[in-house]
Amino acid sequence: APAALDNAVESGSVKQDPTEGSSGSSEFLKLGPNALYVPTQRPGNKIITNLISIDSPGYVAIHESVDGKLGAIIGVSGLLGRGVHKDVTAVLGREVLDGEELIAVLYYEKGGAGFNSGDDAPVRDADENIMYMNFTVSSSASDPSNAEMI
C-alpha cells in the first residue's frame, strides 16, 4: 500500500456504536485489521467508500441516519474479499440529497447467499462496538474517488 494510505490507516480514530445514539463524526475509522473511510459524497444514487479493510469477506452497507442512529439500509456493496479495498461503490435504492447524513457500516458475510442484514453480522471491534462511519452528502463535494485521506 502507498505510504500515504499506511499513514492514514495508522492515524485513525475509533467510533462509538451508532445504535446507542452517539453523535459520531466524519473522521477516519481504524481498529485492528478492520477500517472504513467514506469522504463527503455528491448527491446521487451511489456511494464511493475510499478505503475498506476487512479481516473476513463482507460488505459495506449504507444506512440512513435517524437522529444519529442506524436507519434503513439503502444500499450495499458487492461481496468484498478479505483485505484492503479502495474506491468501493455501493449502488443505492434511492437518490441521496444535498445535506443528508448517512452511516456506512461494515458487515461480515455469514449466510453465503449475498447480503442479508438478518444473517450478515456487523463487524465489531474488541469492545463490541459496531464498525461504522458517519458521512454527509453535499452538492459541493469533490469527486469521492479522488478524495485524499490526511
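Examine segment 80-88 for a residue that is part of a strand (DSSP E or B) and buried (at least 21 other Cβ atoms within 10 Å of the Cβ), and state whether such a residue exists. Checked against the condition, which is being part of a strand (DSSP E or B) and buried (at least 21 other Cβ atoms within 10 Å of the Cβ), segment 80-88 yields at least one hit. Within segment 69-85, residues that are free of Cβ contacts under 8 Å to residues at least 60 places away in the same chain have Cβ atoms under 6 Å from residues that are among the aromatic types (Phe, Trp, Tyr) and open to solvent by 40 Å² or more (accessible area, probe 1.4 Å) in these pairs: 76/115, counting only partners at least 6 apart in sequence or on another chain. Look at (1) surrounded by fewer than 20 Cβ atoms within 10 Å (Cβ to Cβ); (2) within 15 Å of residue 36 (Cβ to Cβ); (3) of a type outside the set (S, T, N, Q) and you find that residue 135 fails only one, number (1).
Working carefully through the options 130, 103, 74, find the one that is at negative phi, modelled with pLDDT under 95, in contact with a strand residue (DSSP E or B) (Cβ under 6 Å, 6 or more places away or on another chain) and surrounded by 17 or more Cβ atoms within 10 Å (Cβ to Cβ). Walk me through how you get there before you give the answer.
Working: 103 fails: modelled with pLDDT under 95; 74 fails: modelled with pLDDT under 95.
Going through 130, 103, 74 in turn, just one is at negative phi, modelled with pLDDT under 95, in contact with a strand residue (DSSP E or B) (Cβ under 6 Å, 6 or more places away or on another chain) and surrounded by 17 or more Cβ atoms within 10 Å (Cβ to Cβ): 130.
Scanning segment 109-121 for any residue that is open to solvent by less than 20 Å² (accessible area, probe 1.4 Å) and either in a loop (DSSP other than H, G, I, E, B) or modelled with pLDDT under 95 (or both) turns up at least one such residue.
The values are calculated or read from the model by the stated rules, or taken from the named source; none is laboratory data. Just so you know, these numbers come straight off a predicted model, no measurement behind them. Here Cβ is always computed from backbone atoms with ideal geometry, including for glycine, and neighbour counts include all displayed protein chains. Side chains included, ligands, DNA and RNA excluded: accessible areas come from the protein's heavy atoms. Shrake-Rupley method; radii C 1.70, N 1.55, O 1.52, S 1.80 Å.
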